Each structure stands twice: as C-alpha cells, then as structure tokens.
Amino acid sequence: MAPAGLAVARVGAAALVAVGAHGLGLADEGGARCWSGAFSAELCCDLQSGPRGDEACWNGEFSFEVCCPRLSARPPSTPQGKGQQQQAAGAAAARRDPSEGWNWERSVPTWAQQAVRLLGEWAVPPMPVIAEFFTREMPELLALASAALRTMKLPTTYAGFLLLSQSEALDLAPPLCALLVAGFLPLALLSGERRPRKDVPEPSESYWLTRLCLLRGLGLCYLCGFLTSAFQHRALWGSKGLEPLNPSFPSGRPTPAFDLLVPALPTVPFDCLLEGISWVGVLLSVLLLWSRFSSCVVPALLWVLYLSIVNLQAPFTYAYGWEWLTCEAGFLAIFLCPLPFGVRFPASSPPPRLVLWLFRWLAFRLLLGAGLSKVGRNSSSCWRELTCTTTHYFTQPIPNPVSWFAHHAPVWVHHVEVAFTFVEQLVLPFLMLIPLKWCRRCAGLAEMLFQLMVVATGNYAWINFIGMVPCISMLDDAVLAWFLPRSVAEAARTAAEAAALHGAGVIRRVLVKLLRLLHGTLCVGLVLFMAYKSKDPIKEMFSAAPWINSYDPWFLMNSQGVFGFINKHRVNLVLEYTHGSKPRDAGTEWKALDFRCLPGATDRLPCLLSPYHSRLDWETWIQTTASMEHLFETRAPPQEYFNRFPNFLHQLVLRILHGDEDAVSLMGVPRSDVYAGGAPPTAIKARFYSYTFTDADEMWQTGHWWKREPLDAVGGIVFEAQQQPMKKSQIRKTPFGRTMALLVGVLGTVLSGAALCGCSPLVGEKSSLLSMASAASALLFFAAAFSSALLADYPKLYNSAVLGTLGRGFGVPRLPSTAWELLRGLITAGAAIAALHVAAATAAVAASEGGTKAARTWAAVRGQALLVAGPALLWWCITM
C-alpha cells in the first residue's frame with residue numbers, strides 16, 4: 001500500500017476510535033475553540049448585524065459574549081423586530097448613492113449567496129480551511145482517541161469482564177467496537193485478497209439494484225412528507241391555521257422555491273403556493289418511486305422543494321430529526337443518479353460507490369447517535385436498567401394495535417428488547433465499516449429487520465423508513481435479487497454487461513468515459529466536502545448528552561438522537577363536543593371528538609398510520625404526555641394542567657366551534673358528524689386523563705383497549721363560540737372532497753403522462769393512435785381538474801387568473817363563476833369525451849383482425865381506462 005493510503009487508514013482508524021470514545025464519558029477538554037469551520041472573529045464578532053454565523057459560529061458552550069469579550073463590552077445595538085428591520089433596510093436603500101453600482105450582497109438573496117459560498121468551499125476549498133482541518137481538527141480527534149485509550153477501564157481477564165455491570169458494559173461497548181474496526185481495517189487493506197479485475201462484475205460486486213432500491217425508498221419518504229404537507233400544513237400554519245406562519249421572503253434561510261415564486265407571482269396567496277409546491281412534490285415523488293426513467297433532475301427538484309418547506313421554520317414541522325434526515329439523504333441521492341435522462345438501469349452511468357459509502361457513513365452516524373443519546377447524561381435511567389419498554393408501548397406518541405400485545409410481553413422479553421436495541425445501535429454500526437461482505441450484509445439486514453420491528457409496534461411517521469434507506473447501501477445485487485422480481489434482476493445484470501461497452505463505437509466510448517469522469521469528479525468532491533462537514537457530528541457524539549442537531553441551513557450533515565427520554569405515565573388530553581342548546585347543563589350529551597390517532601374513546605382500535613404522519617397528534621403528545629408527566633407524579637391540582645393548555649389546541653377548539661373546515665379535517669371524527677346538518681358544535685369540553693392499556697382479561701370481557709382515570713375532578717373546562725368570536729374572514733370554508741380531488745388529479749396526471757410516454761402498462765407495446773390520443777386527453781383532463789380543485793379555495797385568484805385571463809383576455813364565453821363549478825363542468829365534459837373514445841375503440845376492435853376478439857377488445861380498450869376512470873373518481877370525490 002502507498003504511504004498515502006497508510007496515512008488515510010491511520011486517520012480513519014483514529015477517527016473511529018474518537019467516535020467510540022464517547023462511551024467512556026470523555027469531555028472535550030483543552031481542544032475546544034471559539035471558531036467553527038471557516039468562521040472567524042471577523043465573521044462572528046460583528047456588533048452592527050450580530051453574529052452573522054449565528055449558532056454555527058460557536059462550538060459547545062461558547063457564545064458571542066465569551067468569544068468576543070472586548071467587543072461585547074460595548075453597548076450592543078437595540079434588538080429590532082422583523083418589521084423594524086425591514087423599515088431600516090428600506091431606509092438604508094433610500095439613502096444609498098446610485099453611483100455605488102450593483103452590489104451582489106445586497107441584490108442576491110441570502111440563500112443564493114450561501115449556495116455560492118458553499119459551492120466554492122466544495123469545489124475549491126480555501127487553503128485556510130484545509131490547513132485548519134489537518135492542523136487543528138484532525139490532531140484534536142487524535143488527541144481525543146489517545147486520551148480515550150489511556151483512560152479506558154478495560155478488564156484484563158475474563159473474570160473481570162464477567163464482573164462488569166450493565167452500565168459499565170454499555171459505556172465500554174462503543175470504544176471496544178471502534179478498536180476492533182480500527183485494528184482490523186488497516187490489516188484488511190494491507191492483506192486483502194487481490195481479485196482479478198473483470199469487465200463485468202459479479203452480482204456480489206455490483207450495485208445496480210442497490211441504487212434502484214435506495215431511490216425507491218427515498219421516493220416513499222418524500223411522498224409521505226409531501227402528502228403530509230399537502231393535507232395538513234395549510235390547516236396547521238397557513239394564513240388561517242392554528243399557528244399562522246405569515247413568512248416574508250427572502251427569509252434569510254434557503255427557501256429557493258418560495259424565493260423564486262413569491263416575486264414572480266405576487267398575486268398568488270402564500271397558502272396556494274404552499275399547496276402547489278406540496279402537490280408538485282407529490283407528483284415528483286411518485287415519479288421517483290414508480291418511473292422507469294432515471295435522472296438526477298427529479299431528486300434535485302425534490303430536495304429543493306422539501307428544503308424550501310422545512311426551512312420555513314414552521315411550527316409542527318421544523319424541529320424534528322426525520323425532516324433534516326430526509327434533506328440529508330435527499331442531497332446524497334442527487335449524486336447517486338445518472339447526470340442525463342436515461343432508463344432505469346443506464347449503462348452509461350454505473351452506481352457510484354463513493355456515494356454508496358457516504359450513505360453507509362450516514363447510517364453509521366444515525367444509528368450510533370441514536371444509541372449514544374440513550375446512554376447520555378440526559379437519558380432516562382430505564383435504558384441502563386433495560387426496562388424502558390415496560391412503559392414505552394403505551395406512552396409512545398401514537399401506539400398501534402401491536403403495541404398492546406408488545407406491552408403485555410413478559411418482563412424478560414422487555415429486557416431482551418432493550419439489550420437488542422443497544423446491540424443494534426452501539427455494536428452493529430461499527431460492523432458496517434468492516435470491509436467484509438458478510439459483515440456488511442449481516443449488519444444491513446439486521447438493521448433493516450430491527451427498523452421493521454419498530455414499525456410494527458408503533459407509528460413513528462417515516463423516521464424508521466428513512467433510517468432503513470441508507471442501510472440499503474450495505475446490500476449488493478446478489479442479496480437484493482432475492483427480494484425483487486426476476487425480470488428486474490435480469491435487467492440489472494444486462495445493464496452491468498452493457499456498462500462494459502463491449503462492441504461500442506469509438507465516439508460512444510469516448511463520450512461515455514467523459515461522462516463517467518465528470519460524474520466521478522463530482523463524487524470525489526462530494527466525499528471530501530462531506531468528510532470536512534463530519535467533524536461537527538463527531539464532536540456532538542463526544543458531548544455528555546448527544547442529541548439531534550443541525551450545523552448548516554442546508555441540512556447537509558446532522559447529528560441524530562432519538563427517544564433518549566422515556567415516559568412512565570400517559571397524560572392524555574380528551575376533547576368532547578355537543579350540539580345541545582345548554583351545554584353546561586348536567587344532562588347534556590357529549591360525544592367524543594377524538595384526535596386522528598391519539599387515544600380517545602377507550603374502545604377505539606389504535607390506528608395504523610406509519611409511514612404517513614399526523615403532525616397535530618405528535619405535537620399534542622409533546623405538549624401533554626411528554627411535558628405534563630411531572631404534574632402527574634407530583635399530584636398537581638387540576639388547574640395546573642389547564643394552565644399549560646397549549647395555544648394551538650385553544651385555536652383548534654375555537655376554529656371548530658366557528659365551523660372551520662380545515663381545522664376539523666385534522667381530527668379523527670368525520671366532518672359530517674361534527675358539523676351535523678352544517679352547524680358547528682355549540683360547545684367543546686377539554687379533559688385530562690391518565691391512560692394505560694387494559695389487561696388481557698378486561699380486553700376479553702369488554703373489548704376495550706384502554707383504561708383511563710380522570711385527572712380533573714371538576715369535569716374539565718367548556719369552550720363556547722361566543723366566548724371568543726371570530727370574523728367570517730378568519731374561518732376557512734372549503735368544498736367537501738377537495739383534498740381527494742387534488743390527490744386524484746395529481747395521480748391521474750402522473751399515470752396519464754406515463755401512458756403518453758409509453759412506459760405504462762395501460763398502453764401496450766403496439767400502442768395505437770387512439771390509445772395515445774386517449775392518454776393525451778386524460779393528461780389534459782387531470783391537469784385541468786387539479787387546477788380547478790386547487791383554485792376552489794381561492795376565489796380572488798380564480799377571478800383574476802381564469803375569468804380575467806381566459807374570459808376577458810381571450811374571449812372565452814360562459815365560464816363558471818367558481819372553480820368548483822368549473823370542476824363539475826370538466827367532469828361532465830370528461831365523461832362525454834371518454835364515451836366517444838370507448839365508442840371509437842369498440843369500432844376499432846370490430847375492424848381489426850388477428851387474435852381472439854376478447855384479446856383485441858382488451859388491447860384496444862385498456863388505453864381508455866384512465867380517461868374513463870377519471871371523471872368517475874372525481875365525481876365520487878365531490879359527492880361523497
């Protein structure tokens with residue numbers, strides 16, 4: 001091995017030992033500095049605009065006051081609100097001399113400036129950054145590794161190992177595993193088996209199916225994220241939501257989609273833009289999940305759109321690790337795809353192994369961070385006692401039916417569960433880095449099996465699914481061929497053979513090799529950039545209480561930690577509603593106003609929701625179960641619970657009392673029941689209960705999953721609409737079935753577009769002109785139906801964009817006065833066009849020859865399936 005290779009191996013081994021040394025509880029003594037990465041005193045100590053690096057400037061507990069003592073002694077400028085800052089910026093612009101010329105820092109959005117600097121650091125890293133990394137960051141990691149080895153309390157005899165307590169064994173597991181990998185890695189690199197190079201690698205050496213499964217898995221996670229946004233975000237933090245966001249652009253953080261669309265479409269409401277971006281994300285997610293074509297354009301657009309939504313820093317959305325992890329994995333997926341457009345297995349662009357190793361590094365950091373957060377300083381003691389799952393299944397955010405059975409498992413089973421959790425999160429991640437196939441495969445399969453077990457016992461959004469995605473990179477084509485259809489495996493094998501370019505012309509060889517060289521150069525730069533960004537997550541692992549953290553507004557590298565604290569009791573909020581005229585009378589009949597998946601009625605079956613997510617339920621669990629347990633343990637008076645009643649729940653209750661249809665769509669009770677006869681409830685009552693699962697006997701006798709005890713002897717508090725009146729302009733009235741009509745429109749657009757391109761089973765290989773015309777008609781129909789359903793809630797936009805443009809601008813007569821009426825008209829027109837296409841297809845069957853009549857009929861009519869089903873589905877949506 002070359003001296004450079006030995007140096008890289010030593011540095012990698014030291015980094016592994018440094019990561020594992022957290023198990024010894026080492027503090028970062030003597031190595032901390034104020035400035036993080038490329039930041040400096042000139043960037044961070046600026047009293048006029050504040051520390052421009054924000055929290056990224058400071059490492060650990062350092063701050064502006066600590067690192068800038070001489071400057072901080074001066075009187076700081078008065079803090080300004082957002083409106084004052086905008087006024088000051090406008091005044092400064094008015095005073096600016098026009099002769100100064102164009103200044104890119106003033107004219108270009110902040111996120112674009114950050115992107116340019118980020119690209120500069122990636123493509124041509126400044127020499128001071130490189131020098132600092134090798135002269136300061138790397139020696140610091142080596143020093144930490146050396147200190148860990150000196151202080152590690154490693155037993156020298158077998159009897160000493162047997163005397164270790166559970167807590168000591170947990171502290172010793174990470175450094176021992178790191179030592180194993182660090183010691184084995186150089187030996188494997190030096191004495192590894194030399195295999196003859198083959199033009200066509202064996203399935204165990206190729207990763208065509210790996211790339212396919214990675215992209216499909218990421219497409220599923222994106223689909224869940226964008227569907228959650230499309231169905232819930234407007235109701236949660238839209239202009240008429242529970243906690244209105246009311247953002248201004250540019251916001252200072254990377255929100256490229258909004259920064260481009262808001263100035264270009266000034267008359268379009270923010271809610272409409274948010275919905276439009278979410279539904280475009282759904283469309284692109286379906287393409288990534290299902291399309292037979294492959295290109296880096298689709299994951300790049302998905303990353304930009306999702307990053308724009310997350311960086312709005314909206315409540316219910318921003319502060320969750322799976323959102324950041326989706327952005328991080330989505331960024332890596334851009335480089336996993338081929339640069340041009342191509343088929344599912346493009347022979348010109350084999351899967352880049354460097355990017356696969358970055359996915360493995362992501363899996364390592366994710367799982368090890370989750371394990372370290374469970375043994376950190378702020379974690380629950382039940383983790384070290386191996387008893388957390390005795391209460392976790394009924395106190396977790398959103399239990400499912402299997403949770404009841406898992407809760408009633410024997411105590412020794414719970415001990416085994418927690419022990420296996422530590423093996424999975426503190427031991428197996430290190431096996432991922434050992435360069436042996438069986439180690440890598442076993443670690444990947446074991447991690448995915450564990451994630452599936454977690455999915456089976458609770459609803460955790462798509463966090464377990466996005467956790468499985470990087471673990472797919474551990475598996476090669478030989479393993480994945482067992483789980484995929486034979487035709488897909490054969491197609492991957494054919495692509496591997498075609499990638500050798502046997503029989504290709506000279507020009508094709510040159511072009512393909514240049515393309516591969518460009519892609520490989522980008523991947524090398526990506527690896528170097530991500531290696532530099534990894535220093536912050538590694539330092540987080542050394543902290544006394546590792547937790548989730550983000551180190552840049554692009555979420556390119558994050559630290560992870562999950563469920564370090566486990567509740568022992570479940571304090572649950574229960575809502576009830578009534579239509580009675582005298583809600584405060586003793587004989588008033590109250591009905592359950594259950595959340596979508598939180599426990600409510602004791603006989604209600606726990607729901608199966610994952611990988612979809614209910615943000616209102618999760619946030620309610622955080623504000624009640626996770627935050628009020630101490631009130632239950634100290635036997636606090638009932639009023640203390642209501643004093644902590646969250647504001648967003650208060651807004652939810654008020655909006656439902658005033659007939660807001662977005663708000664009631666977040667609940668688990670049908671809108672037709674809550675708004676019986678079109679009238680909202682006269683009152684809503686809120687109560688707090690202590691919930692736990694019933695035992696087996698009670699479950700068998702009563703059929704109830706839960707049992708509960710009231711925590712408020714006064715019977716809760718009652719909300720009435722007249723207590724806090726709301727204007728009609730503050731209430732959202734939306735047509736019934738609009739959301740489903742939007743979903744049908746998007747899915748129909750994807751399917752009909754695929755049929756038009758000839759990559760759908762609805763159109764055969766010998767597609768006729770009639771089938772192509774039907775696909776084109778279906779595409780136009782679904783796109784128009786989606787636009788009409790989207791504009792149904794924005795009458796001003798419909799009047800200006802449709803009635804104004806088409807009616808007055810182009811002279812189109814007799815347009816419907818509302819978008820909902822336009823949708824009804826489109827359904828009627830679509831049904832008529834579908835009938836004509838079916839009639840034409842029947843006539844074509846009668847005139848054709850060859851094959852049986854049934855086969856000819858199916859071949860001719862199946863191309864009309866989308867056009868026939870579209871009007872029927874949309875009619876069901878608007879009348880259900």
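Looking at Lys513, is it closer than 30 Å to Glu640 by Cα, of a type in the set (D, E, K, R), surrounded by fewer than 19 Cβ atoms within 10 Å (Cβ to Cβ) and over 26 Å from the mean Cα position of the chain (by Cα)?
no
Looking at Lys591, Lys539, which one is open to solvent by 20 Å² or more (accessible area, probe 1.4 Å), of a type in the set (Lys, Arg), touching a helix residue (DSSP H, G or I) at 6+ places or on another chain (Cβ under 9 Å) and modelled with pLDDT of 90 or more?
Lys591
For residues that are in a helix (DSSP H, G or I) and either among the aliphatic types (A, V, I, L, M) or at positive phi (or both), tally how many sit in the stretch 472-500.
Total satisfying the criteria: 12.
Under 6 Å between Cβ atoms, which residue pairs at least 6 apart in sequence (or on different chains) link something in the stretch 339-363 that is in contact (Cβ under 8 Å) with a residue 12 or more places away in the chain with a partner that is open to solvent by 50 Å² or more (accessible area, probe 1.4 Å) and outside any helix (DSSP H, G or I)?
Arg344/Arg292
Condition (residue is in a helix (DSSP H, G or I) and of a type in the set (Asp, Glu)) applied to the stretch 236-256: is it met by at least one residue?
No: the stretch 236-256 contains no residue that is in a helix (DSSP H, G or I) and of a type in the set (Asp, Glu).
For the stretch 165-187, give me each residue that is open to solvent by less than 90 Å² (accessible area, probe 1.4 Å) and out of contact with any helix residue (DSSP H, G or I) (no Cβ under 7 Å at 6 or more places or on another chain).
Ser165, Ala169, Leu176, Gly183, Phe184
For the stretch 310-402, list the helices (runs of 4 or more DSSP H) that sit wholly inside it and hold at least 1 residues that are basic (Lys, Arg); which are they?
353-375, 382-385
Please pick out the residue among Leu867, Leu836, Leu826 that is among the aliphatic types (A, V, I, L, M), at pLDDT 85 or above and on the phi < 0 side of the Ramachandran plot.
Leu826
Kindly establish whether Ser294 is among the hydroxyl-bearing types (Ser, Thr, Tyr), crowded, with 22+ Cβ neighbours inside 10 Å and touching a helix residue (DSSP H, G or I) at 6+ places or on another chain (Cβ under 6 Å).
no
Residue by residue, here is whether (1) within 24 Å of the chain's Cα centre (by Cα); (2) within 28 Å of Phe184 (Cβ to Cβ) holds:
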| residue | (1), (2) |
| --- | --- |
| Glu424 | yes, yes |
| Val427 | no, yes |
| Leu433 | no, yes |
| Cys442 | no, yes |
| Tyr460 | yes, no |
| Met468 | yes, yes |
| Ser473 | yes, yes |
| Leu484 | no, no |
| Ala489 | no, no |
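Considering the stretch 222-281 alone, what residues qualify as being within 28 Å of Leu654 (Cα to Cα) and of a type in the set (Lys, Arg)?
Arg234, Lys240
Of the numbered conditions (1) farther than 25 Å from Ala169 by Cβ; (2) of a type outside the set (Gly, Ala, Ser); (3) open to solvent by 20 Å² or more (accessible area, probe 1.4 Å); (4) in contact with a helix residue (DSSP H, G or I) (Cβ under 9 Å, 6 or more places away or on another chain), Pro401 fails exactly one; give the number of that condition.
(4)
Regarding Phe345, is this residue closer than 23 Å to Gly525 by Cβ and of a type outside the set (Gly, Ala, Ser)?
The answer is no for Phe345.
Restricting to the stretch 630-655, give me the number of residues that are open to solvent by 30 Å² or more (accessible area, probe 1.4 Å) and outside any helix (DSSP H, G or I).
Residues that pass the stated criteria total 5.
Out of contact with any strand residue (DSSP E or B) (no Cβ under 6 Å at 6 or more places or on another chain), under 19 Å from Gly467 (Cα atoms) and of a type in the set (Phe, Trp, Tyr) - does that describe any residue in the stretch 343-352?
Checking the stretch 343-352: not a single residue is out of contact with any strand residue (DSSP E or B) (no Cβ under 6 Å at 6 or more places or on another chain), under 19 Å from Gly467 (Cα atoms) and of a type in the set (Phe, Trp, Tyr).
Restricting the search to the stretch 709-719, which residues are open to solvent by less than 80 Å² (accessible area, probe 1.4 Å) and among the charged types (D, E, K, R)?
Passing the criteria: only Asp712.
Condition first: open to solvent by less than 10 Å² (accessible area, probe 1.4 Å) and within 30 Å of Leu426 (Cα to Cα). Now tell me which residues in the stretch 335-359 satisfy that.
Scanning the stretch 335-359 gives Leu336, Val355, Leu356, Phe359.
Which condition number in (1) closer than 22 Å to Leu616 by Cα; (2) open to solvent by 10 Å² or more (accessible area, probe 1.4 Å); (3) assigned to a strand (DSSP E or B) is the one that Ser627 fails?
That leaves (3) as the condition not met.
One line per residue, one yes/no per condition, for (1) closer than 29 Å to Trp618 by Cα; (2) open to solvent by less than 40 Å² (accessible area, probe 1.4 Å):
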residue: Leu212; (1), (2): no, yes
residue: Gly217; (1), (2): yes, yes
residue: Leu223; (1), (2): yes, yes
residue: Leu236; (1), (2): yes, yes
residue: Asn246; (1), (2): yes, no
residue: Pro263; (1), (2): no, no
residue: Pro266; (1), (2): no, no
residue: Cys272; (1), (2): yes, yes
residue: Val280; (1), (2): yes, no
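Only one of Ala499, Ala531, Ala489, Ala545 is within 30 Å of Leu372 (Cα to Cα) and modelled with pLDDT of 85 or more; which?
Ala531
Look at the stretch 263-274 and say how many of its residues are of a type in the set (A, V, I, L, M), in a helix (DSSP H, G or I) and at pLDDT 90 or above.
Residues that pass the stated criteria total 2.
Matching residues to (1) at pLDDT 95 or above; (2) open to solvent by 40 Å² or more (accessible area, probe 1.4 Å); (3) closer than 24 Å to His613 by Cα; (4) not charged (D, E, K, R):
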{"site": "Glu661", "(1), (2), (3), (4)": "no, no, yes, no"}
{"site": "Val669", "(1), (2), (3), (4)": "no, no, yes, yes"}
{"site": "Ala676", "(1), (2), (3), (4)": "no, yes, no, yes"}
{"site": "Ala679", "(1), (2), (3), (4)": "no, yes, no, yes"}
{"site": "Ala696", "(1), (2), (3), (4)": "no, yes, no, yes"}
{"site": "Trp700", "(1), (2), (3), (4)": "no, yes, no, yes"}
{"site": "Trp705", "(1), (2), (3), (4)": "yes, no, yes, yes"}
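The values are calculated or read from the model by the stated rules, or taken from the named source; none is laboratory data. Because the structure is predicted, anything quoted here is derived from the model rather than measured. Don't worry about glycine lacking a Cβ; one is built from the backbone with ideal geometry, like all the others, and counts go over all protein chains shown. Accessible surface areas use protein heavy atoms only, side chains included; no ligands, DNA or RNA. Shrake-Rupley method; radii C 1.70, N 1.55, O 1.52, S 1.80 Å.
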